[in-house]
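Just below is one structure, and these are the notes that go with it.
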Amino acid sequence: MKLLLDKAHIEGIRYYDVWKKNGGYQSVEKALKMSPEEIVEEVKKSGLRGRGGAGFPTGLKWSFIAKPEGVPRHLVCNADESEPGTFKDRYLMEFLPHLFIEGMIISSYALGSNTSYIYIRGEYSWIPDILEQAIAEAKAAGYLGKNILGSGFDCEIYVHRGAGAYICGEETALIESLEGKRGNPRIKPPFPAVQGAWMRPTVVNNVETIATVSPIIMLGGEEYGKIGVGKSTGTKLISACGNINKPGVYEIPFDLSVEDFIYGDEWCGGIPKGKKLKACIPGGSSVPILPANLLLKTAKGETRLMNYESLSDGGFQTGTMLGSGGFIVLDEDQCVVKHTYTLARFYRHESCGQCSPCREGTGWMEKILYKIEKGQGKLSDIDLLWDIQRRIEGNTICPLGDAAAWPVAAAIRHFRDEFEWHVLNPEESQVRNYGIAHYADPLEVVA
Ligand SMILES: Cc1cc2nc3c(=O)[nH]c(=O)nc-3n(C[C@H](O)[C@H](O)[C@H](O)COP(=O)(O)O)c2cc1C
Ligand code: SF4
């Protein structure tokens, strides 16, 4: 069942006329006849969980927004999408902008936001034009601006271009950047729902979360909540990449098995050249990597499904997370140490530098991983690496520190023998090339 991408195949669906002809803006018309509280209630009933990564219940988040007398409130959509392996929001904004704008209007109405923002990553340089055109079309048709459809509700949506920093996807850093400052995360509390953009009550939601509000209104929260498995309700967009035959964006049902998703013709279509599956990172680069045996079956021997509960079954010892749905597949030829190094390099580069465990720890992890991968490490370096990641996790202002620590911890936990191989086979280690892009020597860079 497709709830988000059902119209994606229609030619010209990006444009207002085609969108409207195919049932567009009915959800806005329906929503504006309801009260804002009723909409929040429908979203609560739907069981929708935020699609930005943490999976926090959206209706509950909306109910936290403070309503001080005379103070404006804001909806800010997080379209930063910088998590490596994640590109599903891009698909929604590029091909179904009116679905997303419908969600923005309804969510703004539910939250009482008369001025809402879409904060989009700088690298998506062509998408703001698409969104601004959709906003202009919606406004010309009376779905934005003053007194929308005679409801008395006024709303403007502005697109704000980021400059290209992963940390600006963290909601408080995003708010700082939106305010025109350097994107440094804030210490919480106060949470954005109380003091967010310009210290006003603010809700930050992911693009897919907001786009999903439109089908929820059309179906009704209760009906939407019946789709899916347990607390994983509705459907989910997955961006699949790596060693698979058919990379792309898929809308999956939550009862789909990981095995069917990787090998099914309807989905990723298997691994090129019939190679064996080595491992996978199912929820974007920050979530723990799982080796094939634990990916396809849980530690209890149950079939692993593509949903929040099943992927996290076993905790971080033997499980992982659905995260942002950035599904990265590694075949038997890939080197986990090199892969982990590449990620560590990314997190070191993206750390904002405010807290020392993250600022220093990410740099140390990068250097040690580089040494090990190049065959210049010692066995004690593996324990040192383990120790460093432990000291980062949970000791920082924002979760970027955790995001940097988890991939390293999971790689050592599940592939320690591969780390040891690099230490014990220095010569072979130096000549092995798995075709991953050339990278600079961090020791030279630092020197
Ligand atoms: C370093 C970092 C980067 C993040 N990047 C994104 C992002 O690109 N998009 C996103 O929606 N959420 C991102 N998040 C999560 C947001 O802070 C926030 O939880 C999310 O936008 C809330 O939306 P949701 O409730 O709809 O999931 C990031 C978090 C961290 C710590
Ligand atoms: S954890 Fe890292 S990115 Fe987050 S505030 Fe601290 S230094 Fe900055």
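The values are calculated or read from the model by the stated rules, or taken from the named source; none is laboratory data. Bear in mind the structure is a predicted one, so any value in this text is a computation, not a measurement. Heads up, the Cβs are rebuilt from the backbone with ideal geometry, glycines too, and the neighbour counts pull from every protein chain shown. Remember, those area values only see protein heavy atoms, side chains included, never the ligands or the DNA or RNA. Shrake-Rupley method; radii C 1.70, N 1.55, O 1.52, S 1.80 Å.
Miscellaneous remarks
- Part-to-part distance (alpha-carbon centres) for segment 1-76 and segment 100-137, which is given in Å: 12
- Heavy-atom accessible surface of segment 16-226: percent carbon and sulfur, 1.4 Å: 53
- Counting only protein chain heavy atoms and rolling a 1.4 Å probe, the accessible areas of Trp267, Trp364, Trp126, Trp421 rank, largest first, as Trp364, Trp126, Trp421, Trp267.
- When the chain is treated as a GNM with alpha-carbon contacts under 10 Å, the residue of Pro97, Pro57, Pro185 showing the greatest mean-square fluctuation is Pro57.
- Remark: the Cα gyration tensor places segment 252-300 in the rounded category, a/c being less than 1.5.
- Between Glu427 and Lys297, residue separation times 0.36 nm minus the direct Cα-Cα distance comes to 43.2 nm.
- Accessible area (Å², 1.4 Å probe, nearest 10) - Tyr15: 100
- Computed from Cα atoms alone, the Kirkwood hydrodynamic radius reported for the chain is 22.7 Å.
- Asp260 contributes about 90 Å² of solvent-accessible surface, heavy atoms of the protein only, 1.4 Å probe.
- Comparing mean-square fluctuations of Leu32, Leu174, Leu48 from a GNM of the chain with C-alpha springs under 10 Å, the top value falls on Leu32.
- Residue separation of Glu309 and Met218 scaled by 0.36 nm, minus their Cα-Cα distance, works out to 30.1 nm of gained length.
- Sequence-distant aspartates and glutamates (8 or more away, or on other chains) whose Cα lies within less than 14 Å of Lys67: Glu37
- Residues of the chain: accessible area per residue with a 1.4 Å probe, Å²: 41
- Of the whole protein surface, Thr235 contributes about 10 Å² of accessible area at a 1.4 Å probe radius.
- The residues His339, His422, sorted by heavy-atom accessible surface at 1.4 Å with ligands and nucleic acids left out, run His339, His422 from largest to smallest.
- Which listed pairs, of Lys278/Lys338; Lys338/Lys378; Lys300/Lys371; Lys21/Lys44; Lys61/Lys297, have C-alpha distances above 25 Å, in listed order: Lys300/Lys371; Lys21/Lys44; Lys61/Lys297
- Accessible area per residue (1.4 Å probe, heavy atoms of protein chains only) ranks Tyr263, Tyr109 as Tyr263, Tyr109, with the largest value leading.
- Panel values: segment 238-331, Kirkwood radius from alpha carbon pairs, Stokes-Einstein at 10 °C and 1.306 mPa s, translational diffusion coefficient 125 µm²/s.
- Pairwise inverse Cα distances across segment 336-446, averaged and inverted, put the Kirkwood hydrodynamic radius at 13.8 Å.
- Segment 16-226 shape via C-alpha gyration tensor axes, a/c threshold 1.5: rounded
- Here Lys181 is the anchor, and the aspartates and glutamates within straight C-alpha reach of less than 17 Å, apart from those fewer than 8 places off in the same chain, are Asp80, Glu170, Glu171, Glu350.
- Assuming charge only on the beta carbon of Lys and Arg (+1) and of Asp and Glu (-1), the dipole of the chain about its Cα centre is about 440 debye to the nearest 20.
- Choice from Val71, Val194, Val258 showing the highest fluctuation, given a GNM over the chain with Cα pairs closer than 10 Å: Val71
- Tail beyond 18 Å, pair distance distribution of segment 144-229 (Cα, percent): 60
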